[in-house]
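No value in this document is a laboratory result; all are computed from the given coordinates. As the structure is a prediction and not an experimental result, all values here were calculated from the model. Here the Cβ positions follow ideal geometry from the backbone for every residue, glycine too, while neighbour counts run over all protein chains shown.
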Amino acid sequence: MPLTPYFQPLGIPPNQMRTINLTPEELEVLRLVDLEGLYQEDAAAIMGISRRTLWNDLKKARKKVVNALVNGYAIRIAGGNYAIHPSFPHPDIRPNRLSVSDEVDNEKVRKIFELFPKTNCGACGYSSCIECAKAIASRDASPDACRIIGSKIKDDVMKILEEGR
Ligand code: SF4
């Protein structure tokens, strides 16, 4: 969910303000695809929806946001039909919770974590992205353990693991 559910442009009197409604699902689709840069099939898997539904939501959401920006409408994020994944938001995603035990190299965990989508989807079998990063850094999990973008970042993870050896 966003930090604030309502955005409005400056300089428009309240009685002339038009508001566009963006559902939380539409915002999540924008976040995963346009902000995090995930492939649509990966974003659909995380959200538990079909690619067609994701594409429809993405098209609608982009149009709503552009419409608001171009025409000076407010945006309210509300409504929709969704369930929040039990591991979200996971407390370990906060930067001050990144430190781990002495046996694991904190810097490696941090670098591996930075490569992940940070969606805490749980598909890798760990409760959050940071737990998966810790497991990889301590070599309890393979470098491509992230089921969402693992193979795409495997080489980068391998380089991080080899640092300082
Ligand atoms: S690391 Fe695990 S929890 Fe994070 S996105 Fe990848 S599969 Fe999901």
Quote the FRET efficiency, to the nearest 0.05, computed for Lys152 versus Asp34 with a Förster distance R0 of 22 Å and r equal to the Cβ-Cβ distance.
0.80
If the reach is capped at under 14 angstrom between alpha carbons, list the aspartates and glutamates near Lys111, excluding any in the same chain fewer than eight residues apart.
Glu131, Asp155, Asp156, Glu162, Glu163
With an 8 Å cut-off on Cα pairs and a minimum separation of 6 or more residues, tell me the relative contact order of segment 6-77 in percent.
56
Backbone HN-Hα couplings from phi across segment 128-138 [Karplus 6.51/-1.76/1.60, Hz, Gly and Pro as x]
7, 4, 5, 5, 5, 4, 4, 5, 5, 4, 8
Hey, fewest Cβ within 10 Å first, where do Asp57, Asp105 land in order?
Asp105, Asp57
For Ile20, which sequence-distant residues (separation of 5 or more, or a different chain) have an amide H within less than 5 Å of its own amide H, given hydrogens modelled in the peptide plane?
Ala74, Ile75, Arg76
Excluding same-chain residues fewer than 8 positions from Lys60, which aspartates and glutamates have a Cα within less than 15 Å of its Cα?
Glu25, Glu26, Glu28, Asp34
Taking Thr19, Thr119 and counting other C-beta atoms within 10 Å, the order from fewest to most
Thr19, Thr119
